[in-house]
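Asker: Once you've had a glance at the structure underneath, I'll fire off some questions.
The values are calculated or read from the model by the stated rules, or taken from the named source; none is laboratory data. Note that the structure is predicted; figures quoted are calculated from it, not measured. Note: ideal-geometry Cβ built from the backbone for every residue, glycine included; neighbour counts use all protein chains shown.
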Amino acid sequence: MANKNQYAMLFDATRCIDCRACMVACSVENNIPMDKTRIWVSGIGVSGQYPNLTRSTMVYHCMHCLEPDCASACPVGAWTKREDGPVVYNSEVCIGCRYCMNACPFGVPKFDWDKGIVEGPLIDKCSMCAHRIDDGLEPACVATCPTDALVFGDREELIAEAHGRIAAHPDRYVNHVYGETENGGTSYLVLSHVPFKDLGLPEGIGDEPLNTLSEQYVGNTIPVALTWATVLGAVTAGVHTYKHKNHKAESLVKETAEAAEEEIQ
Amino acid sequence: MKLKIRLSEKLHLTPGITIMLILIAWGLFVAMVRYANGIGAVSNLNDTYSWAFWISFDLFCGVALGSGAFTMAAIIHIFEIERFKPLLRPAILTGFLGYVMVIVALLVDLGRPERIWHMIVYQNHHSVLFEIGICVMTYTTVLAIEFAPVLFEGLRLPKIAHMLHRIVIPFVILGVVLSTLHQSSLGGLLLIQRSTLHPLWWTPILPLLFFISAIVVGLGMVILESSLSSRALHRGLEISLLSELASYIPYGLGIYLLLKFADLAYFGDLHYLFSSGMMSVLFWLEIIVGAVVPIIMFSQAKIRNSANGLLIGSLFVVVGLMINRFNVSWFAVEHIRNLPLAPDFMTQTSYFPSFMEVSISVGIVAAGVLAFTLAAKYLPLFEEEEETAVHEKTSALPRIQVQSGD
Ligand code: SF4
Ligand code: SF4
């Protein structure tokens with residue numbers, strides 16, 4: 001995968017003013033009920049020691065991983081990483097097992113806990129407004145953001161842009177673009193003036209996608225099954241022949257005796 | 001006709017059976033509420049704890065505890081250690097009922113149970129859960145086939161029973177392969193949670209550890225279930241056989257411990273053993289209850305040869321395994337999304353199973369126990385009844401034919 005020409009979003013925590021317009025825009029655009037949301041804007045609060053205080057805010061989206069764990073985990077393949085970036089959901093096939101929620105290291109997918117069998121619960125998460133991208137538009141959150149804390153564009157260009165901002169103001173930023181390599185790279189990139197941990201972004205995910213190992217594991221299923229079946233078959237046959245070798249002679253004698261008996265009768 | 005005579009052994013509504021019926025009815029009621037108003041209406045599951053009590057208990061423990069069926073089938077049919085035969089049928093039945101219970105529980109837990117067949121149609125070959133789903137479905141069918149002879153004998157259809165007896169070997173092998181796959185894959189399910197599962201538990205060899213512990217607990221379950229049913233149904237106990245099974249357990253657990261600690265050492269995680277607070281406590285709890293105590297108990301012939309020793313030792317094995325599965329699938333999983341200043345519906349990071357949530361699982365277990373009791377009453381489940389009765393009957397058939405053709 002790792003298509004070079006895919007879209008991404010860049011969030012710059014230093015520019016966010018915690019106005020939450022993106023949340024509203026998202027809910028309106030995607031028809032999200034009042035008590036749910038796809039984006040969460042979190043005022044982290046004030047950190048540091050007086051007089052060097054910083055205030056920070058984080059906007060949580062789906063990270064739109066290049067190698068999404070939700071997609072790898074889903075037993076029915078409800079998730080697709082589109083060539084142009086968004087990780088999108090197929091509500092028609094989802095069985096509601098919620099493995100994707102467990103597999104996603106960023107805790108993104110959400111479930112309809114309040115829906116019974118008639119309404120049919122589904123998973124919900126940010127789609128990067130894939131329908132708007134198809135119409136040549138930016139995602140609703142990006143289009144709304146008054147400070148350009150959220151911008152949308154080509155992933156490679158955005159990464160270059162992010163490094164450009166760091167280079168221009170090395171004192172302002174942490175020297176890292178979160179999402180450039182995390183979990184194999186993501187299409188939601190974050191720039192920050194405080195440690196990423198303080199923004200609630202998990203550290204220690206590493207650069208290798210979490211699903212590499214489990215996909216290798218599943219990939220071995222068929223060869224392992226065939227080998228194991230052959231071994232077990234061989235053992236069964238071996239044990240059987242061994243155990244019955246001794247009995248054979250006995251039963252042969254018996255059989256001939258019985259046959260002789262019948263003849264006499 | 002004979003069927004009627006058989007069933008005239010009336011089922012008395014003993015207190016035990018009454019209690020089980022009440023539990024089942026209550027569980028059914030809660031399940032109805034769940035189907036009407038959603039999973040959130042009966043459980044405390046939430047976006048942070050999307051898998052918890054149901055998955056840990058019903059799926060992780062349920063599947064592992066059902067492993068006695070494949071372990072015994074392998075011992076008896078593949079290694080042809082015939083003397084264990086009296087233990088086979090109850091083990092297969094326990095396994096079969098266990099897997100049916102797992103499936104019923106999953107139909108409650110799945111958001112859209114009516115789409116369960118999607119697993120067969122929309123296959124995602126990268127998903128461990130897909131592999132487990134297919135294996136569990138197929139294996140439950142295999143267990144039904146392995147158990148079918150008992151049913152046909154119970155129905156006095158020895159010919160069909162005998163026919164099924166003859167083709168059982170391929171199914172046994174298939175069953176062992178499927179079991180190996182999905183018992184390991186339950187561990188494989190957690191491979192993807194490297195960043196959230198505590199390092200005392202997360203390791204690339206999780207599948208192997210799951211497989212070994214499943215075999216051990218399979219033996220443990222056979223011992224436990226024989227001990228319990230001999231008490232409840234007033235049958236004799238096959239002490240010498242169970243004692244021999246119990247003598248295998250320390251080896252299995254020994255290998256498990258060796259791998260577990262070698263793995264921790266290899267990844268440099270040994271320091272977590274005493275430095276992770278509650279996690280360290282939970283880890284030692286599962287190791288001591290599930291491995292150390294059983295190893296000590298079952299390596300002593302005196303304990304192995306006493307009915308109480310077998311019961312208590314196997315209880316340790318089973319409870320220890322359950323602690324392990326709860327740890328690995330729930331307690332030791334770090335639940336992220338600790339967002340500051342978010343409203344309740346987004347930050348609910350606490351979880352404790354609700355009464356209704358637990359009562360569904362309890363109802364399912366009660367149904368399983370009841371089904372086992374009924375089967376023990378009406379089917380030739382224990383060897384004394386079937387081995388002499390039916391085998392002689394079936395082997396007598398050809399002889400009669402020979403004589404009549406004379
Ligand atoms: S952040 Fe989570 S939900 Fe989004 S693409 Fe990655 S794994 Fe999937
Ligand atoms: S809940 Fe739906 S989308 Fe998520 S893994 Fe299960 S089937 Fe796939």
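Asker: Could you grab me the full set of residues in region A:63-74 that are closer than 23 Å to A:L201 by Cβ and either outside any loop (DSSP other than H, G, I, E, B) or within 13 Å of ligand 2 (Cβ to nearest atom) (or both)?
Answerer: The answer is A:C65, A:P68, A:D69, A:C70, A:A71, A:S72, A:A73.
Asker: Looking at region A:112-131 only, could you name the residues that are more than 17 Å from B:I116 (Cβ to Cβ) and either within 14 Å of ligand 1 (Cβ to nearest atom) or more than 9 Å from chain B (Cβ to nearest Cβ) (or both)?
Answerer: A:D124, A:K125, A:C126, A:S127, A:M128, A:C129, A:A130, A:H131 - these are the residues of region A:112-131 that are more than 17 Å from B:I116 (Cβ to Cβ) and either within 14 Å of ligand 1 (Cβ to nearest atom) or more than 9 Å from chain B (Cβ to nearest Cβ) (or both).
Asker: Would you be able to tell me the number of residues in region B:103-143 that are assigned to a helix (DSSP H, G or I) and surrounded by 21 or more Cβ atoms within 10 Å (Cβ to Cβ)?
Answerer: 15
Asker: So, of the residues in region A:29-73 that are polar (S, T, N, Q), more than 9 Å from ligand 1 (Cβ to nearest atom) and at the interface with another protein chain (Cβ under 8 Å from one of its Cβ atoms), which turns out to be farthest from A:G85 (Cα to Cα)?
Answerer: Per the stated criteria, the residue is A:S42.
Asker: Out of the residues in region B:271-283 that are in a helix (DSSP H, G or I) and more than 12 Å from B:W201 (Cα to Cα), state the one that is nearest to the chain's Cα centre (by Cα).
Answerer: Among residues in region B:271-283 that are in a helix (DSSP H, G or I) and more than 12 Å from B:W201 (Cα to Cα), the one nearest to the chain's Cα centre (by Cα) is B:V281.
Asker: Under the condition of being in contact (Cβ under 8 Å) with a residue 12 or more places away in the chain, in a helix (DSSP H, G or I) and out of contact with any Gly (no Cβ under 6 Å at 6 or more places or on another chain), which residue from region B:27-51 is nearest to the other protein chains (Cβ to nearest Cβ)?
Answerer: B:I39
Asker: Could you tell me how many of the residues in region A:93-105 are part of a loop (DSSP other than H, G, I, E, B), in contact with a Pro (Cβ under 7 Å, 6 or more places away or on another chain) and either more than 10 Å from ligand 2 (Cβ to nearest atom) or more than 7 Å from every other protein chain (Cβ to nearest Cβ) (or both)?
Answerer: Within region A:93-105, residues that are part of a loop (DSSP other than H, G, I, E, B), in contact with a Pro (Cβ under 7 Å, 6 or more places away or on another chain) and either more than 10 Å from ligand 2 (Cβ to nearest atom) or more than 7 Å from every other protein chain (Cβ to nearest Cβ) (or both) number 1.
Asker: Considering (1) in contact with a helix residue (DSSP H, G or I) (Cβ under 8 Å, 6 or more places away or on another chain); (2) within 16 Å of ligand 2 (Cβ to nearest atom); (3) at negative phi; (4) within 14 Å of chain B (Cβ to nearest Cβ), say which one A:G77 fails and leave the rest.
Answerer: For A:G77, the failing item is (3).
Asker: Further question on the same structure: So A:P86 clears everything in (1) near ligand 1 (Cβ under 10 Å from one of its atoms); (2) at pLDDT below 95; (3) more than 22 Å from B:W117 (Cα to Cα) except one condition, right? Which one?
Answerer: (2)
Asker: Of all residues in region A:2-33, count the ones that are on the phi < 0 side of the Ramachandran plot and modelled with pLDDT under 85.
Answerer: Here the count works out to 3.
Asker: If A:Y99 passes every condition in (1) within 16 Å of ligand 1 (Cβ to nearest atom); (2) surrounded by fewer than 22 Cβ atoms within 10 Å (Cβ to Cβ); (3) of a type in the set (S, T, Y) but one, which one does it miss?
Answerer: So A:Y99 meets the others, but not (2).
Asker: Follow-up. For B:S213, state whether it is modelled with pLDDT under 95 and surrounded by 22 or more Cβ atoms within 10 Å (Cβ to Cβ).
Answerer: no
Asker: Among the residues of region A:20-35, which ones are touching a Lys or Arg at 6+ places or on another chain (Cβ under 7 Å) and either in a loop (DSSP other than H, G, I, E, B) or small (G, A, S) (or both)?
Answerer: Matches in region A:20-35: A:I32 only.
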